[in-house]
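One structure below.
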Amino acid sequence: MDQVLSGIRVLDFGRYIAGPYCAALLGDLGADVIRIERLDGGEDRGVLPVGDHGEGALYLAVNRNKRGMTLDPACAQGRVIVEKLVATADVVVANLPPDVLLNLGLDLESLRKIKPDIILTTVTAFGAGGPWSHKHGFDGIGQAMCGAVSLTGTPEQPMRASVAWVDCGTASLAAFGTLAALMARQHSGRGQKVETALLRTAVAFNNPILLEQDIRAPDRTAILNRGFMSAPSDLFRTQDGWIMVAAIGNPMFKRWTRLVGEEGWLADARFKDDITRGAHGEVISARMTQWTQARSTVEALGALEAAMIPAAPVLSPRQALEDPHIKATGMLAPMDYPGLPRQVLVAPTPVDLSETPGQLRLRAPMLGEHTDLILEELGFDPAAISGFRQARVI
């Protein structure tokens, strides 16, 4: 059976994570994705370098299932090629500022003149309509402005997450919106603009905390790794490592008190429900720390599992690669890439479809790897392609 997006062509003008990962997710579902880069390669190509040719881990992870070409879309001949590409496409993904889109002819109005039913998927830092709409930004900016950073770490040292959850969340929402636009086009015959923003994603993901602040104004501050809404919910040191434990609800808390020998706490008003336990989490975490520090990680996790309390080891990146569950479930899949000492481990589509699953079909392209082939598909002959190359159009 064909994949969900077989026959759909996506032009990826994205950079870094939000745009490219959106396009990669569409490629996982079968779309023909063409990544279009500057002649010397995008600035995101070498982030976390791992390859002999400067390829970075970020590029390899978020540019699978794409063909790659180089192109200067700003010059006259480059615009001609862009127009031919757009005429064959269904979706244009571009996490570029609005003024850059307009200058390159990649705004919705310009694209519609070429392909009336085109879908334009864009990502900005701050979203339209506000005093910061013109500014540029990255993942950490969204984390900082949504309130999340102020609740991580301590009041004296706020911390951002090292994982780019704002970028990845925005990419996923952009892919979600693109799929919705493709479905709408089936009924209306019209394309549309799909617009996401890093700050919009961050605010949406942090909505419960913001809603609580608006209604009750608790003015929460960072409390390291403790949870606000239940306890025990924290990171705990064992004799040989760290574990994460999260208990939610009275039945689970009752089992926890039995586990650590504090069943008398069930009659303590401080611990009557999740809210009060969260408010007095420091006491509960201190008791849990005593319990875990007397045990190895394996012993602690075994006892917690027997008590049916969710817990897991805190793994380093090296340990995550070696984890039996991550291996057994195929959460990382090996792919070849030229010039690397071993296969690269790429995370496949992080959602399973029983009938039309995503597939890792293509490794990330080398710089300009498919330029000639794509131009030939557009009808350019070898002489024209050679002329483009001499003129530094491609």
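Summary table
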{"item": "Answer label, with Rg and Dmax of the Cα atoms in Å calculated from the coordinates and candidates [x] 19.9, 68; [y] 25.0, 85; [z] 21.4, 64", "result": "[y]"}
{"item": "Global form of segment 1-149, assessed from the alpha-carbon gyration tensor, a/c cut-off 1.5", "result": "rounded"}
{"item": "GluC sites (Glu not before Pro), loop per DSSP, at most 12 other Cβ atoms within 10 Å - longest free stretch of the chain", "result": "157-354"}
{"item": "Beta bridges per DSSP with both ends in the chain, % antiparallel, nearest 5", "result": "40 percent"}
{"item": "Segment R361-A286, length gained on full extension (0.36 nm per residue, minus Cα span)", "result": "22.1 nm"}
{"item": "Three-way shape call for segment 251-325 based on the alpha-carbon gyration tensor, with the a/c threshold at 1.5", "result": "prolate"}
{"item": "Rounded if a/c under 1.5, otherwise prolate or oblate - segment 124-175, Cα gyration tensor axes", "result": "oblate"}
{"item": "Derived scalar couplings ³J(HN,Hα) [segment 340-348; Karplus, 6.51 cos²θ - 1.76 cosθ + 1.60; whole Hz; x for Gly, Pro]", "result": "9, x, 8, 5, 8, 9, 10, 7, x"}
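Every read-out reported here was derived from the displayed coordinates using simple, explicitly stated rules and does not represent laboratory data. Please read these numbers as outputs of a predicted model, since none were measured by experiment. Here the Cβ is made from the backbone with ideal geometry for all residues, glycine too, and neighbour counts use every protein chain on show.
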